Amino acid sequence: MSQSVTSTNAATGTSGTGSTSSSQSALSSLTDNYQTFLQMLLTQLQNQDPTSPMDSGQFTTELVQFAGVEQQINTNSNLTQLIQLTQDDATIASTSLVGKQVDVTSTQLALQGGTAEIAFAPSSAEPVAITVSNASGQSLYSTTVNAAAGSNTWTWNGQTAYGTTAPDGAYTVTAQAVAADGSTSAVPFSVVGTVTGVTTGSGTVTVNLGSLAVNMSNVTSVAN
């Protein structure tokens, strides 16, 4: 992988706490009802007719149900806290990627500091047609490279077929192997870039390569 421009502006976020607040509210409400139920049960037991004792089976059933629901809410609250802690740990670990060069699985490449790179590994030596397009699907640049069998890299300097220079950003890229008869087939590739920030939200960790944002699970390798 060629070295890309390094950026050290880390962007971090925090996930919402709505689930925790909801669980705490539900537990508080249930606790109040639970205490009221116990007081009612105790009052009825104290004032029942000794010659005709009340059937406590229904109260016992309700007591068990209250206890079961309370336990479930407590469990959900604990799981929410555990998930939050796990996400926080993942975010902290991911911030160590900032400034490092990574390979990611993406259909877009990241033009950073006027440089973008993809890596691909065809099984045999063959021509590979590479096309870069903008967000509107307009082709900005295309070329055909004679790829060797195994590891290959291709770098784009942002120059377009129209004699202009594309600004830094995320651009769609395709790689197609070209057979002798002119037919084409997709060539798997990874996008190479420098991590400029890490964000969290909705239970996911997102890695930013300039304007390109990918899920942390799409990171396939990190350069030493």
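Computed from the coordinates by the stated procedures, all read-outs in this text should not be read as laboratory data. Treat the numbers as computed from the prediction; the structure is a model and nothing was measured. Quick reminder, even Gly has a Cβ in these numbers, built from the backbone with ideal geometry, and neighbours come from all protein chains shown.
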Around VAL207, with a cut-off of 14 angstrom between Cβ atoms, what is the net charge of the other residues, counting Lys and Arg +1 and Asp and Glu -1? 0
Could you pull out every residue, at least 5 positions away or on a different chain, whose amide H is within less than 5 Å of the one on LEU140? Hs are placed 1.01 Å off N in the peptide plane, and Pro or chain starts have none. VAL132, SER133, ASN134
Which of rounded, prolate or oblate describes segment 89-192 when judged by the alpha-carbon gyration tensor and an a/c cut-off of 1.5? oblate
Given the Cα-Cα distance of ALA223 and THR51 and 0.36 nm per residue of separation, how much length would full extension add, in nm? 53.6 nm
Here the gain from full extension of SER139 to ALA186, 0.36 nm per residue of separation minus their alpha-carbon distance, amounts to 15.2 nm
What order, most packed first, do the peptides 164-175, 184-195 have when packing is the mean number of other Cβ atoms within 10 Å of each residue? 184-195, 164-175
Per residue of segment 160-168, in order, report the coupling 6.51 cos²θ - 1.76 cosθ + 1.60 (Karplus, θ = phi - 60°) as ³J(HN,Hα) in whole Hz, putting x for Gly and Pro. 9, 6, 9, x, 10, 10, 6, x, 3
What's the FRET efficiency of THR160 with THR107 using the Cβ-Cβ distance as r and R₀ = 22 Å, to the nearest 0.05? 0.70
